[in-house]
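Enquirer: Okay, here's the structure, questions in a sec.
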Amino acid sequence: MGNIQVIKTVNEMHNFSNQMKMNGKKIGFVPTMGYLHDGHLSLVKKAKEVCDVVVVSIFVNPTQFAPNEDFNQYPRNFQRDYKLLEAEEVDVIFYPDSKEMYGENFQTFVDNIEASKILEGEFRPTHFRGVVTVVSMLFNCVKPDVAVFGQKDAQQAYIIQRMVEDLKFDIDIIVSPIIREEDGLAKSSRNIYLSESERKEALVLYISLKKAEQMIKSGVLEVKSIIEEMEKIIHSVNSSNLDYIAIVNKKNFKKVELLEKGQEYYILIACRIGKTRLIDNLLIAI
Ligand code: AMP
């Protein structure tokens with residue numbers, strides 16, 4: 001037994017959070033699917049900075065995976081995650097199972113009807129419905145004052161921000177920067193699926209994003225020509241299979257064709273390397 005309280009039931013989670021609120025404590029929350037890495041831990045550090053109590057959830061959420069996706073295969077290692085979170089002095093791990101979250105007669109979903117339809121939503125049509133539903137459930141369980149999400153999943157973070165605003169959740173959302181490996185590959189629990197050669201080739205995602213950044217800095221504003229150059233880099237390795245590249249305005253997550261001064265944009269990419277689907281992005285201000 002270590003120092004973190006592991007809570008597995010919704011009831012206990014409610015009780016803990018109600019108690020903290022009565023004591024005037026500010027609750028910070030980091031939702032994860034486990035198999036933690038430095039990216040997740042950077043979110044935990046952020047939550048600790050701004051809150052009195054930090055709750056991390058570990059829940060591989062079945063409803064955000066399509067039947068053909070990697071739900072069963074998704075890496076899980078609770079003991080390892082526990083140790084990493086103990087080192088960060090996290091207070092609570094909320095670790096429910098699927099039955100606790102979805103019961104036997106689950107029939108209510110929360111859905112986004114716009115931003116969820118493009119990019120990731122085109123390739124994973126049921127994904128965001130699962131994400132938005134589980135995050136709203138987790139928010140109701142944990143009752144956080146602040147929740148921290150990673151820019152790594154920029155579209156997800158935007159959709160959660162919309163949910164909070166649209167449905168009047170009284171929660172501050174913080175979006176925290178992407179943590180990368182030394183060579184630039186964005187850290188991801190799914191990187192362990194990559195073979196040695198794929199791991200090297202996976203770097204094309206980051207290289208193509210940096211190429212786009214460099215073009216924009218040198219004055220290129222036409223999205224089509226930026227994407228063309230990025231595609232050349234992606235297609236230069238054998239294992240790559242591109243899903244999409246797009247540039248969206250940060251403020252409304254809508255695709256743009258021409259970049260304008262004074263605006264902030266996400267350059268977004270999703271690409272399969274062998275059988276592993278990776279996503280990455282870069283935030284740029286013009
Ligand atoms: P996941 O466990 O993949 O569902 O991710 C949980 C949270 O960690 C999400 O908010 C992700 O955006 C965030 N995250 C994942 N990878 C990174 C990374 N490399 N840098 C920063 N945040 C990340």
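Enquirer: Counting other C-beta atoms within 10 Å, which of THR126, THR32 has the fewest, and how do the rest follow?
Expert: Ranking THR126, THR32 by Cβ neighbours within 10 Å, fewest first, gives THR126, THR32.
Enquirer: Expressed as a fraction of 2.2 N^0.38 Å, the rule-of-thumb size for a compact globular protein of N residues, what is the C-alpha radius of gyration of the chain?
Expert: That ratio works out to 1.02.
Enquirer: Stretch VAL256-LYS200 to full length: gain in nm at 0.36 nm per residue minus the Cα-Cα span?
Expert: 17.1 nm is the gain from fully extending VAL256 to LYS200.
Enquirer: Moving to a separate point now. Provide Rg and Dmax in Å for segment 1-82, with only Cα atoms included in the calculation.
Expert: Using the Cα atoms of segment 1-82, the pair Rg, Dmax is 14.5, 46 Å.
Enquirer: When you count, for each residue, the other Cβ atoms within 10 Å and take the mean per peptide, how do 265-273, 222-230 rank with the highest first? Walk me through the numbers before you get to the answer.
Expert: Numbers: 265-273: 22.2, 222-230: 15.7.
In decreasing order of mean packing, 265-273, 222-230 become 265-273, 222-230.
Enquirer: Among GLU122, GLU231, GLU198, GLU104, what is the fewest-to-most ranking by other Cβ atoms within 10 Å?
Expert: With the fewest neighbours first, GLU122, GLU231, GLU198, GLU104 line up as GLU104, GLU122, GLU231, GLU198.
Enquirer: For n ≥ 4 DSSP H runs only, could you compute -39500 (n - 2.57) per run for the chain, divide by its residues and tell me the 222 nm figure to the nearest 500?
Expert: Dividing the helical sum by the residues of the chain leaves -11000 deg cm²/dmol.
Enquirer: Would you work out if segment 145-260 is rounded, prolate or oblate? Take a ≥ b ≥ c from the square roots of the eigenvalues of the alpha-carbon gyration tensor; rounded if a/c is under 1.5, else prolate when a/b is larger than b/c, oblate otherwise.
Expert: Values: a/c = 2.40, a/b = 1.33, b/c = 1.81.
It is oblate, given that a/c is not under 1.5 and a/b is not larger than b/c.
Enquirer: Given the options MET163, MET137, MET20, which has the most mean-square fluctuation in a GNM of the chain, springs set between C-alpha atoms less than 10 angstrom apart?
Expert: Sorting by GNM fluctuation, first place goes to MET20.
Enquirer: Could you put VAL53, VAL148 in order, starting from the residue whose Cβ has the fewest other Cβ atoms within 10 Å?
Expert: VAL53, VAL148
Enquirer: Within 10 Å of each candidate Cβ there may be at most 15 other Cβ atoms; applying that plus a DSSP loop requirement, which GluC sites (Glu not before Pro) in segment 10-94 survive?
Expert: Of the GluC sites (Glu not before Pro), the ones in loops of segment 10-94 whose Cβ has at most 15 other Cβ atoms within 10 Å are GLU69, GLU89.
Enquirer: Evaluate E = 1/(1 + (r/R0)^6) for HIS235 and ILE192, where r is the Cβ-Cβ distance and R0 equals 25 Å; express this FRET efficiency to the nearest 0.05.
Expert: Efficiency for this residue pair is about 0.50.
Enquirer: If amide H atoms are built 1.01 Å from N in the plane of the peptide, which residues on other chains or at least 5 residues away come under 5 Å of the amide H of TYR244?
Expert: Here the answer is ALA270, since their amide H atoms fall under 5 Å of that of TYR244.
Enquirer: Okay, moving on. Rounding to the nearest 10 and keeping the result within 0 to 90°, find how far the Cα-based axis of helix 127-142 lies from the longest principal axis of the chain.
Expert: The helix 127-142 is inclined about 30 degrees to the chain.
Enquirer: Nearest 10 degrees is fine. How inclined is helix 154-166 to the longest principal axis of the chain, computing both from alpha carbons?
Expert: 50
Enquirer: Still on this structure, please answer the following. Less than 21 Å apart at the alpha-carbon level, and either on another chain or at least 8 residues along: which lysines does that give for LYS210?
Expert: Here the lysines satisfying the reach criterion relative to LYS210 are LYS152, LYS187, LYS200, LYS224, LYS232, LYS250, LYS255, LYS261.
Enquirer: Tell me which lysines have Cα within less than 17 Å of LYS143's Cα, excluding those fewer than 8 residues away on the same chain?
Expert: Qualifying lysines at Cα under 17 Å: LYS8, LYS21, LYS25, LYS26, LYS48, LYS168.
Any read-out appearing in this document is the output of simple, stated calculations on the displayed coordinates, not a laboratory observation. Please read all numbers here as calculations on a predicted model, not as lab measurements. As a convention, Cβ positions derive from the backbone with ideal geometry for all residues, glycine included, and neighbour counts pool all protein chains shown.
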